[in-house]
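**Q** For reference, the structure I am asking about is given below.
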Amino acid sequence: MSAVLEIQGLNKSFGGIKATDNLTLTVEQGELHAVIGPNGAGKTTMISQLCGTQVPDSGRVLFKGRDITRLAPHRRAHLGITRSYQITSLIMEMSVLDNVALALQAREGHSFRFLRPARTITHLRERGRDLLTRVGLADKVDHATVALSHGEHRRMELAIALAAEAELMLLDEPMAGLGTQESLEMVALLKGLKGKHSILLIEHDMDAVFALADRISVLVYGHIIATGTPAEIRGNEAVQHAYLGEE
Amino acid sequence: MTRRAWMTLAVLVLLAIVPPAFYLSGNAFYLSLATRLVILAIAAVSLNLILGYGGMVSFGHAAFVGLGAYAVGIPAHHALYGGWDALATNSGWLQIPLAVGITALFALLTGLVCLRTKGVYFIMITMAFAQMIYYLIVSIEEYGGDDGLVIDSRTELWLFDLDKPLQLYALCFLSLLVALGLVRMIVNSRFGMVLQGAKGNPERMASLGFNTYAYRLTAYVISGAMCGYAGALLGNFTTFISPEMMDWHRSGELMFMVILGGAATTIGPVLGAVIFIVLEEILSSYTIYWQLPFGLLLIVTVLFVRGGLAGLLGGRK
Ligand SMILES: Nc1ncnc2c1ncn2[C@@H]1O[C@H](COP(=O)(O)OP(=O)(O)OP(=O)(O)O)[C@@H](O)[C@H]1O
Ligand SMILES: [Mg+2]
């Protein structure tokens, strides 16, 4: 196995708060690596630095051996990194299908194309419908995005992440705010992705994490205090003390 | 056809028929009013591309109108009084490309800077650049400075004789149709989807892989150039141009038209121009402070009528 993503000694502070503290972590090829940690541990801040919307104070991020620490977000997307958002981040003014079609369009080189109406470009629309069907939104394709429920927005987030067909998926709490049934469906969806993509999954839902992850890292106060298989993490005293015990 | 589409068609048909009919029945005044309306509508349509669809609230669009007008006035001035031989001509083959080219360049150079900022900073900096051009023109005495410049002969064009009011109107109206068609095409294209996406959620667009800065800059340049063309028409219509054309009031008026008429709708800016011209005529006959009620109306529309007048009359899309 070779590492797709290597995070080396990353640091990031906001004023007095050290949100990322000498963070080191690797995601292997095809691995589903889950990161758990209490609220405010710095999980989202880590993702933001991986996708480029925030710049670390020090440390390095390598994608397939290439240093991307300071690369612009859109360039990282071109390399094959995609993210989903903890707080749903969609283009609310557009239809459900438009959102996914835009994600597909992003993969086809530049979009300085002015002549053809985007909504008549069949392969984008067809593929968009397929993806939405895959996440269970087949009957919502033409709805306005604002009109969908929270659970449906979470599915859209996943469909958009899938549209990128990215080698590395950074998923920030895809189950945030979902009910039990919806969570189970999301776990099933994510299970279907295992092996096809390398995935860094942030998740609070312990059942989901233990069901899905190949390896788990525990993040506390911006620092990884343990990494291991689900069984190892369950048995780790420091982890139980710092985190699992609180649950 | 949707209600919105019918309304668009109705407005355009009325604009095609009514003003020329007035003119032919001896009411030259209304054709003149409509010519100004249609030219302002083109400028508003161009602003709508970036403001309505792109979310870029430019408070300096009048600078493009002014530059476009001076791209007609300055060559015409030299054609009459000599100097600057390369520029001295009344030919549309030079003046129109000059108006479009110079405004595109101005949009590119200022856009490179403006688009690095967001929100209220963007508003302020676009206004600042426009005021710079304003003071630049004021300072050039050869072109009349503060007092402005009379355009002694209009642009010479193929097919259209702009000294004939009906032909000038025909050109302006056809230009409006082309501008509307262009903006519609751009908005619906893949480029347009990116532009609208970048308005709705720029961070998401970047994480999808779009360099939103480049797309917004391109839209800004297209909008500036289109507005410059409207300026060239305005110079030909008024035959008198002055730095006052690029004053921030004028930029504000264009913003009013877009927002009042309905931002991000095809016909909205045209409706906005209609209301603007009508109000200007009615209110200014009652009070010289007509901008006050106008401003109040704008505030009411922005607060209570989502989608502007186009939204009110045509329903949501
Ligand atoms: N832009 C910012 N400015 C200032 N402080 C920030 C910023 N972003 C995050 N923080 C702080 O950094 C710390 C880590 O936040 P982060 O959102 O990364 O945590 P998290 O692990 O994702 O939490 P949650 O489980 O609630 O999603 C918190 O203390 C937060 O208040
Ligand atoms: Mg978070």
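**Q** For the stretch B:101-175, which chymotrypsin sites (Phe, Trp or Tyr not before Pro) are in a loop by DSSP, counting at most 15 other Cβ atoms within 10 Å? If you can, show how the numbers build up before the last one.
**A** Details: sites: B:Phe106, B:Tyr121, B:Phe122, B:Phe129, B:Tyr134, B:Tyr135, B:Tyr143, B:Trp158, B:Phe160, B:Tyr169, B:Phe173; in loops: B:Trp158, B:Phe160.
Listed in order of number, the matching sites are B:Trp158.
**Q** Principal axis lengths of the stretch B:139-207 from Cα atoms, whole Å, largest first?
**A** Rounded to whole Å, the extents work out to 54, 36, 15 Å.
**Q** Once the whole set of protein chains is in place, how much accessible area is left on B:Tyr81, using a 1.4 Å probe, in Å² to the nearest 10?
**A** Approximately 150 Å² for this residue.
**Q** Provide the convex hull volume over Cα atoms per residue for chain A, in Å³. Please report the intermediate quantities before stating the final value.
**A** On the way: hull volume 32.7 nm³, N = 247.
Taking the convex hull of the Cα positions in chain A, it is 133 Å³ per residue.
**Q** Quick check: at a probe of 1.4 Å, how many percent of the accessible area of the stretch B:97-225 sits on carbon and sulfur atoms? Working shown, then result.
**A** Working: 3830 of 5850 Å².
Roughly 66 percent, rounded to a whole number.
**Q** Quick check: pseudo-label points 7 Å beyond the Cα along Cα→Cβ at A:Asp142 and B:Phe29, how many nm apart are they?
**A** 5.1 nm
**Q** Okay, next question. Roll a 1.4 Å probe over the protein chains and send me the accessible area per residue for the protein assembly as shown in Å².
**A** Values: 24010 Å² over 564 residues.
Ligands and nucleic acids excluded, the result is 43 Å² per residue.
**Q** Follow-up. What FRET efficiency, computed as 1/(1 + (r/R0)^6) with R0 = 60 Å and r the Cβ-Cβ distance, is obtained for B:Glu141 and A:Arg127, rounded to the nearest 0.05?
**A** Values: r = 62 Å, r/R0 = 1.04.
So, using R0 = 60 Å, E works out to roughly 0.45.
**Q** Which whole number gives the average count of other chain Cβ atoms within 10 Å of the Cβ atoms across peptide A:61-73?
**A** On the way: counts 0, 0, 0, 0, 0, 0, 0, 0, 0, 0, 0, 3, 9.
For peptide A:61-73, the averaged partner shielding equals 1.
**Q** Binning at 20 angstrom from zero up to the longest distance, how are the C-alpha pair distances of the protein assembly as shown distributed in percent?
**A** Cα pair-distance distribution for the protein assembly as shown, in percent: 19, 43, 26, 11, 1.
**Q** Between A:Ala238 and A:Glu165, how many nm apart are label points set 7 Å from Cα along the C-beta direction?
**A** 4.2 nm
**Q** Considering the Cα positions of the stretch B:32-107, please state its Rg to one decimal place and its Dmax as a whole number of Å.
**A** 14.5, 44
**Q** Using only the Cα atoms of the stretch A:42-136, what are the Rg and Dmax in Å?
**A** Here Rg and the maximum Cα pair distance are 15.8, 46 Å.
**Q** Give me the inter-chain shielding for A:75-83: mean count of other chain Cβ atoms within 10 Å, whole number please. Numbers along the way, then the final one.
**A** Working: counts 3, 3, 7, 2, 1, 1, 2, 3, 3.
The mean count of partner-chain Cβ atoms within 10 Å per residue comes to 3.
**Q** Give me the accessible area of B:Val138, 1.4 Å probe, in Å² rounded to the nearest 10.
**A** Near enough 40 Å² of accessible area.
**Q** Tell me the Kirkwood radius of chain B: reciprocal of the mean inverse pair distance over distinct alpha-carbon atoms, in Å.
**A** On the way: mean 1/r = 0.0504 Å⁻¹.
Roughly 19.8 Å, rounded to one decimal.
**Q** Which of the chymotrypsin sites (Phe, Trp or Tyr not before Pro) across the stretch B:229-312 are loop residues per DSSP, with 11 or fewer other Cβ within 10 Å?
**A** Values: sites: B:Tyr229, B:Phe237, B:Phe240, B:Trp248, B:Phe256, B:Phe276, B:Tyr286, B:Tyr289, B:Trp290, B:Phe294, B:Phe304; in loops: B:Tyr289, B:Trp290.
Sites meeting the loop and neighbour criteria: B:Tyr289.
**Q** Put +1 on the Cβ of each Lys and Arg and -1 on the Cβ of each Asp and Glu in the protein assembly as shown; which of A:Val61, B:Trp248, B:Tyr286 then has its Cα farthest toward the positive end of the dipole?
**A** Most positive-ward Cα: A:Val61.
**Q** Then there's this: Given the options A:Ala147, A:Ala101, A:Ala213, state which has the largest fluctuation in a GNM of chain A using a 10 Å cut-off (strictly under) for Cα springs.
**A** For chain A, modelled as a Gaussian network with Cα springs under 10 Å, the answer is A:Ala147.
**Q** Still on this structure, I have one more. Can you give the convex hull volume per residue for the Cα atoms of the stretch A:91-165, as a whole number of Å³? Mind showing how you got there, number by number?
**A** Details: hull volume 6.3 nm³, N = 75.
Hull volume normalised by residue count: 84 Å³.
The values are calculated or read from the model by the stated rules, or taken from the named source; none is laboratory data. This is a predicted model, so every value here is computed, not measured. Every residue, glycine among them, receives a Cβ derived from its backbone with ideal geometry; neighbour counts consider all protein chains shown. Ligands, DNA and RNA are excluded from the accessible area calculation, which covers all protein heavy atoms including side chains. Shrake-Rupley method; radii C 1.70, N 1.55, O 1.52, S 1.80 Å.
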